[in-house]
Amino acid sequence: NAGVTQTPKFRVLKTGQSMTLLCAQDMNHEYMYWYRQDPGMGLRLIHYSVGEGTTAKGEVPDGYNVSRLKKQNFLLGLESAAPSQTSVYFCASSYTNRPNEQFFGPGTRLTVL
Amino acid sequence: GQQLNQSPQSMFIQEGEDVSMNCTSSSIFNTWLWYKQDPGEGPVLLIALYKAGELTSNGRLTAQFGITRKDSFLNISASIPSDVGIYFCAGRMNRDDKIIFGKGTRLHILP
């Protein structure tokens, strides 16, 4: 099993450009999450999904959109990137009955110039 | 929003030393978690605590759920080079709440 995978691993954008980060998991997890990690800030939840076709806002959702069209995939979109969105983005997934054990992907390092 | 305060922010220790770190909150939590992030990777769950006063071990790691339910502690005994990384505490106030992460304690081990 590959676990949680994220693509791309690195990306540089110019202000105003758009992009989509892809997360895939092969563990049949119901819950999926997107976090951002900034120096000295820990992990902050952007959006999450409790199942296919459903999404919800987390702590810092502004400037991001998500979609969960398939159970195994969770997409994070930036419509108009801003320098404040420079960060490392982590996707995670978990079973419904074990939400505390989140399995994280390796991260995507995004720089917005 | 709710915050978890982790201390220390970073630690420099000699290989073989024991390590202690803690996490506090102004609110009561019903679940305390400890995750570790190796350099360049995503966090991995180390220990989950569900009851006040609970003491749980995972190899050389021991974590405790504070009696007041507003704090938690992590100890690492006889540190080794692979213990290097960032240790995050995390908590959940209620079953339906999302996990809140602390800012992390970065552990460095001197040769």
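Whole number in Å², please: accessible area per residue of chain B, 1.4 Å probe, ligands, DNA and RNA not counted. The partial results should precede the final answer.
Values: 5470 Å² over 111 residues.
Value for chain B: 49 Å² per residue.
Would you mind giving the total buried accessible surface between chains B and A, with a 1.4 Å probe and ligands, DNA and RNA left out, rounded to the nearest 100 Å²?
Working: alone 6140 and 6140 Å², together 10910 Å².
Looking at B and A, the buried total is near 1400 Å².
How about region B:75-105: which of its residues lose at least 40 Å² of accessible area in the presence of all protein chains relative to their chain isolated, using a 1.4 Å probe?
Flagged in region B:75-105: B:92, B:98, B:99, B:101, B:103.
For chain A, restrict the atom set to alpha-carbon positions and state the Rg and Dmax in Å.
Values for chain A (Cα only, Rg and Dmax): 13.1, 41 Å.
Could you work out the relative contact order of chain B, using alpha carbon pairs under 8 angstrom and six or more residues apart, expressed as a whole percent? All intermediate terms of the calculation are to be shown ahead of the outcome.
On the way: 283 pairs, mean separation 41.5, N = 111.
Once normalised by length, the contact order is 37 percent.
When N is the residue count of the protein assembly as shown, what does its C-alpha Rg come to as a fraction of 2.2 N^0.38 Å? Can you show the working numbers first?
Values: Rg = 17.5 Å, N = 224, 2.2 N^0.38 = 17.2 Å.
After normalising by residue count via 2.2 N^0.38 Å, the value is 1.02.
Near residue B:70, which lysines are there with a Cα under 21 Å away, not counting those fewer than 8 places off in the same chain?
B:36, B:51, B:98, B:103
Could you list the GluC sites (Glu not before Pro) in region A:28-68 that lie in coil according to DSSP, counting only those with at most 14 other Cβ atoms within 10 Å of their Cβ? Working shown, then result.
Numbers: sites: A:30, A:52, A:59; in loops: A:30, A:52, A:59.
In loop regions of region A:28-68 (DSSP not H, G, I, E or B), the sparsely surrounded GluC sites (Glu not before Pro) are A:52.
Cut-off under 15 Å on the C-alpha distance; same-chain residues fewer than 8 positions from residue A:14 excluded. Which aspartates and glutamates are left, in chain and number order?
Excluding near neighbours in sequence, the set is A:79.
Taking a virtual spin label 7 Å from the Cα of residue B:13 along the C-beta vector, which residues in region B:46-63 bring their backbone nitrogen under 12 Å of it?
B:60-62
If you build a Gaussian network model of chain A, linking Cα atoms that sit under 10 Å apart, which residue out of A:103, A:90, A:74 swings the most?
A:103
If you roll a 1.4 angstrom probe over the protein chains with everything in place, what fraction of the accessible area of the protein assembly as shown belongs to carbon and sulfur, to the nearest %?
Values: 5590 of 10910 Å².
It is 51 percent, rounded to a whole number.
The values are calculated or read from the model by the stated rules, or taken from the named source; none is laboratory data. The model shown is predicted, which means the values in this text are computed figures rather than measured ones. All Cβ positions, even for glycine, are placed from backbone atoms using ideal geometry, and neighbour counts span all protein chains on display. The protein model used for the area step is the full one, side chains on, heavy atoms only, and it has no ligands, DNA or RNA in it. Shrake-Rupley method; radii C 1.70, N 1.55, O 1.52, S 1.80 Å.
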